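One structure is given below, encoded as structure tokens.
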Amino acid sequence: MAMEWGRWPALAARRLVLVAAICAFTAADGCLELHPPRVVVRHGDPVSVNCTVSTDHSSMGWAAPVDEVPNTPDVQFVTWRVESLTIWDLRPLCYANRPGKQCMERLSVTVYKPPDSVSVSSVNSTDSMVEGSQYHLKCEIQNIAPVQNLTVKWYKGDTLVHEDRDYVIKVKKPEREKAPVSVSSILLITANRTANRTDDNVQYSCGAELDLGPEGPQPPLAVKSTPLRVTVHYKPTINPIVTDLHVIHGYSAVLNCSAKGNPPPDIVWIFNGRQLPTEDSIYTISKTDDEGNYTCRANNSVGIHEETVRVIVTENYMPLIAGILVVLVLAISLAFCVIYSIYYKNKKMGHYSLKNVKLCTQNGNVAQNGNSLPMTRLPE
């Protein structure tokens with residue numbers, strides 16, 4: 001008991017110094033200088049800070065909840081050193097005792113911890129979304145500190161789309177508690193495809209960023225989630241097709257239709273309310289098919305798209321036209337032959353007149369001594 005009573009004055013004095021350091025003053029007249037004046041340390045890492053006095057004093061020390069430096073006389077500086085800092089909320093105080101007063105300087109300490117995990121999921125518990133509809137995504141960040149320096153960032157692909165500092169803390173701590181907490185952030189999105197509308201998959205991710213100022217990690221500590229790949233479902237869109245198709249009677253033709261959609265659409269051809277046998281989105285019009293409106297229908301779980309082709313059946317006049325041409329050619333050829341024959345006969349044979357011809361009749365002959373009868377050629 002005597003020993004305990006003997007130790008009490010020393011313990012009391014030590015505690016009085018600490019109480020005086022914490023309660024008596026909040027700042028001094030600048031007689032103490034800390035190197036560095038502010039520290040940012042990762043939980044479990046070492047830390048070391050020097051405290052130097054610039055005026056006459058009798059003793060100095062560090063008051064701290066861990067590894068405090070006792071009141072030491074006749075020194076110009078003291079070092080507060082911790083091999084592994086595991087206390088979240090602490091405010092070490094360097095003090096120097098002067099005649100009639102005490103100098104004090106408090107050290108700003110920020111202890112941080114990266115999150116155990118960062119993940120993103122769909123609140124609706126689905127990996128597929130319908131284009132144009134709205135959905136909620138949740139980002140969950142486990143055990144991060146200090147939460148007041150946290151910013152939750154949302155990404156669509158590699159593009160930052162939202163920053164959130166109004167996140168939800170799952171287990172709230174006392175106001176001055178700086179221990180790790182878990183938080184969640186909600187993002188409302190409208191399901192759309194990429195800008196060029198060629199990609200049916202969109203990736204969303206979230207990140208936890210701790211901005212601890214210039215004394216903290218540079219660039220700021222950031223942990224990003226694994227992307228959530230969202231499949232966007234959208235109704236079919238039929239690629240452009242002809243609106244009028246002319247088919248010669250007695251001949252066949254092909255109706256072809258293609259469409260884009262997710263899920264991939266089923267494509268059929270319909271005529272007069274009747275579904276036609278379609279193979280690979282193609283229907284072949286046979287010789288017996290009627291003219292009219294043929295409808296291409298593309299259908300999936302999201303919607304339907306239809307386009308109509310008007311089929312016009314025309315008569316085949318080619319044989320008749322060919323026959324008429326043959327008859328015309330034959331008629332023209334025959335007429336040419338007749339005209340040419342008449343012309344040739346008149347040109348080569350000529351025309352003669354026996355008018356005013358004197359006949360010499362001697363011994364009953366019309367010719368005498370072998371002379372021919374004189375003839376006059378008629379003008380043509």
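The values are calculated or read from the model by the stated rules, or taken from the named source; none is laboratory data. Keep in mind that this is a model prediction, so the values were computed, not measured. Don't worry about glycine lacking a Cβ; one is built from the backbone with ideal geometry, like all the others, and counts go over all protein chains shown. Accessible surface is based on the protein model in full, side chains and every heavy atom, while ligands, DNA and RNA are left aside. Shrake-Rupley method; radii C 1.70, N 1.55, O 1.52, S 1.80 Å.
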Problem - Compactness of region 234-327, expressed as Rg and Dmax over alpha-carbon positions, Å - result: 16.7, 63
Completion exercise
Simple SL model, points at 7 angstrom along Cα→Cβ for THR55 and VAL123; separation in nm is 5.8 nm
Practice task
Anything over 23 Å Cα to Cα? Flag those among LYS156/LYS224; LYS138/LYS235; LYS138/LYS260; LYS170/LYS224, in the order listed.
Solution key: LYS138/LYS235; LYS138/LYS260
Fill in the blank from the handout: Between the modelled labels at ARG81 and LYS101 (7 Å from Cα along Cα→Cβ) the distance in nm is 3.2 nm
Handout entry: Accessible area per residue, Å², region 32-111 with all protein chains present, probe 1.4 Å
Key = 47 Å²
Completion exercise
Magnitude of the Cβ-charge dipole (Lys and Arg +1, Asp and Glu -1) of region 184-323 about the Cα centre, nearest 20 debye, reported as 140 debye
